Amino acid sequence: QRLKAAVHYTVGCLCQEVAEDKAMQFSKQSVAAISEITFRQCGVFLILCRHAKRSTVTSEDVKLLARRSSSLLKYITQKSEEFTSSSMEQKKKKKSSAAKGRRALEEQEATITESEDSNMA
């Protein structure tokens, strides 16, 4: 029940955003209907994953379910590619900053070693 309420709340927020953006309104009944359809579709996703013996719904699963609507499939594919490219950029940034941090640490260690060597001499 809490999950269903959360879906209803999220759908309500999304409908409100669309309403403000498009200068229109959604009735309470239409929000409730969209929420119910969304909740039932999530159940279909879960059945699909169980059938595939997985516990996670992937973007490929969503694309498979959206294949009947070419515009929806195109939109989902575009968003998936955007998400993938942005996450790849973030990983590259993390790797480069980690490499810079390692280099700085190695330089510090080299400096400390040099100063210890000069102190011993």
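The values are calculated or read from the model by the stated rules, or taken from the named source; none is laboratory data. For clarity, every value in this text was computed on a predicted model and none was experimentally measured. Don't worry about glycine lacking a Cβ; one is built from the backbone with ideal geometry, like all the others, and counts go over all protein chains shown. The protein model used for the area step is the full one, side chains on, heavy atoms only, and it has no ligands, DNA or RNA in it. Shrake-Rupley method; radii C 1.70, N 1.55, O 1.52, S 1.80 Å.
What shape does the range 1-89 take by its C-alpha gyration tensor, where a ≥ b ≥ c are the square roots of the eigenvalues and a/c under 1.5 counts as rounded, a/b above b/c as prolate, and the rest as oblate?
On the way: a/c = 1.94, a/b = 1.27, b/c = 1.53.
Note, shape of the range 1-89 comes out oblate.
Once phi is turned into ³J(HN,Hα) by the Karplus curve 6.51 cos²θ - 1.76 cosθ + 1.60 with θ = phi - 60°, what whole-Hz value does each residue of the range 44-51 show in order, with x for glycine and proline?
So the J values, rounded to whole Hz, are 5, 4, 5, 4, 4, 5, 4, 4.
Round to the nearest 0.05 the FRET efficiency obtained for V7 and V57 when R0 = 22 Å and r is the Cβ-Cβ distance.
For V7 and V57, the calculated efficiency is 0.95.
Rounded to the nearest 0.05, what FRET efficiency do M24 and K74 give with R0 = 30 Å and r taken as the Cβ-Cβ distance? Could you check?
The formula returns an efficiency of 0.80 here.
Among 6-15, 76-85, what's the highest-first ranking by average C-beta atoms within 10 angstrom per residue?
Taking the mean over residues of other Cβ atoms within 10 Å, the ranking is 6-15, 76-85.
With a 1.4 Å probe and all protein chains kept in place, how do L46, L65, L3 rank by accessible area, largest first?
On the way: L46 95, L65 55, L3 115 Å².
Of L46, L65, L3, the descending order of accessible area is L3, L46, L65.
If the cut-off is 21 Å between C-alpha atoms, which lysines fall inside it for K91, apart from same-chain ones fewer than 8 positions away?
K79, K100
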